[in-house]
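Contents: one structure, followed by commentary.
The values are calculated or read from the model by the stated rules, or taken from the named source; none is laboratory data. Because the structure is predicted, anything quoted here is derived from the model rather than measured. Cβ sites come from the backbone with ideal geometry, for glycine too, and all protein chains shown count toward neighbours.
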Amino acid sequence: MSDNDQRAVPAEREARRGLDCRAEFVERIMRATGGDGVVEPLPGIHLACAARPRDGIHGVYRTALCVVAQGAKEVYIGEAVHRYDADQYLLATIELPAVSRIVRATPERPYLSLRLDLDPMLVGAVMVEAGMSVPRSQSAARAVVVSALDVELLEACTRLVRLVHAPTEARVLAPLLKREIIYRLLIGEQGDRLRYLPVLGDCSHSIGKAVEMLRKEFDRPLRIEGIARELGMSPSGLHHHFKTVTDMSPLQFHKQLRLQHARTLMLGENLDAATAGYRVGYSNASHFSRDYRKHFGEPPARDVERVRSTASDPVSRQPA
């Protein structure tokens, strides 16, 4: 056997291993979801199935790993567009408002995905066990990234989904598999970004603090100078680093938080647009309606009516 043939054999085995793993990943998510929808069969493990493309899925991207088993998705955060399919994974390390689209899905080959919520404390524990520290470069702290999915990470995710059908084993093995997945992320291409998660979760990192302050005070006027002063930064420095991490300016982040919360109030408490806008900090009803329509694509009343009419379609309400 030639040297080329000897090198080809392991490559073929690796490719076959990936294909077999992918087939099981698809089959188990299909079986767990039972059709269109999003389910959480185990704590922090969300599985999604959609038989057709979906537009305008508004929501908040949690701190999580997102892996597509079949199909493709686009996520819009600020000015950035993140597209990923079965060959990539998406890693989010800060909670951010986002709009997503399922761009590839059919009844024969539905969109299927796994979202694993990431606990900052668990990430920190795995880092300690592995002897890892937080990177010095803040440029590595971007909140949402897409990277190539390798076979080892795919296999670990498949074994985690396998536990959905074995609840007794899941109590023991799920925590171990979550640690393995976190470890594989830490040693992978986006490991430096993930290593920021424990400090971002504690809000000890400057941008993590800014995000938390904006989230708590979304219904108050935006005070960039005050936040920058409290963080020991200049307003321009805060704006630059915030946009580097989150792909949006503090003003965009603040506005989207307000609009998302207003939508929740109208849906959950039956508030009219003017009252909801006032509750989230808008003093002018026309200004609120204009911003709402620009963000959600429809005036408040019409958008809320549409969302209520699709209330039985959980895929359209939850990013995964």
Query raised in the report: Among the residues of the stretch 210-233, is any farther than 30 Å from Ala262 by Cα and not assigned by TED's automatic domain parsing to the domain that holds Gly78?
Result: yes
Query raised in the report: Pick from Thr264, Thr246: which is among the hydroxyl-bearing types (Ser, Thr, Tyr) and touching a residue at least 12 places away in the same chain (Cβ under 8 Å)?
Result: Thr246
Query raised in the report: Restricting the first residue to the stretch 275-286 and requiring it to be surrounded by 17 or more Cβ atoms within 10 Å (Cβ to Cβ) and among the hydrophobic types (A, V, I, L, M, F, W, C), which pairs with a second residue that is at pLDDT below 95 and part of a helix (DSSP H, G or I) meet a Cβ separation below 7 Å and a spacing of at least six or different chains?
Result: Ala276/Ala262; Ala276/Leu265; Ala276/Met266; Val280/Arg258; Val280/His261; Val280/Ala262
Query - Single condition Gly34 does not satisfy, out of (1) at pLDDT 85 or above; (2) surrounded by 15 or more Cβ atoms within 10 Å (Cβ to Cβ) - result: (2)
Report task. Report, by residue number, each residue of the stretch 81-108 that is outside any strand (DSSP E or B), touching a strand residue (DSSP E or B) at 6+ places or on another chain (Cβ under 8 Å) and of a type in the set (S, T, N, Q). Result -> Thr93
Requested in this report: Kindly indicate whether any position in the stretch 293-311 is closer than 16 Å to Ser206 by Cα and of a type in the set (Val, Ile, Thr).
Outcome: no
**Report entry** Count - residues of the stretch 44-56 that are under 16 Å from the mean Cα position of the chain (by Cα) and either over 30 Å from Leu122 (Cα atoms) or not in a strand (DSSP E or B) (or both)
**Finding:** 2
Query raised in the report: Any residue at all in the stretch 154-167 that is under 17 Å from the mean Cα position of the chain (by Cα) and within 19 Å of Phe25 (Cα to Cα)?
Result: yes
Query - Members of the stretch 53-70 found to be over 21 Å from Asp117 (Cβ atoms) and modelled with pLDDT of 95 or more, listed by number - result: Gln70
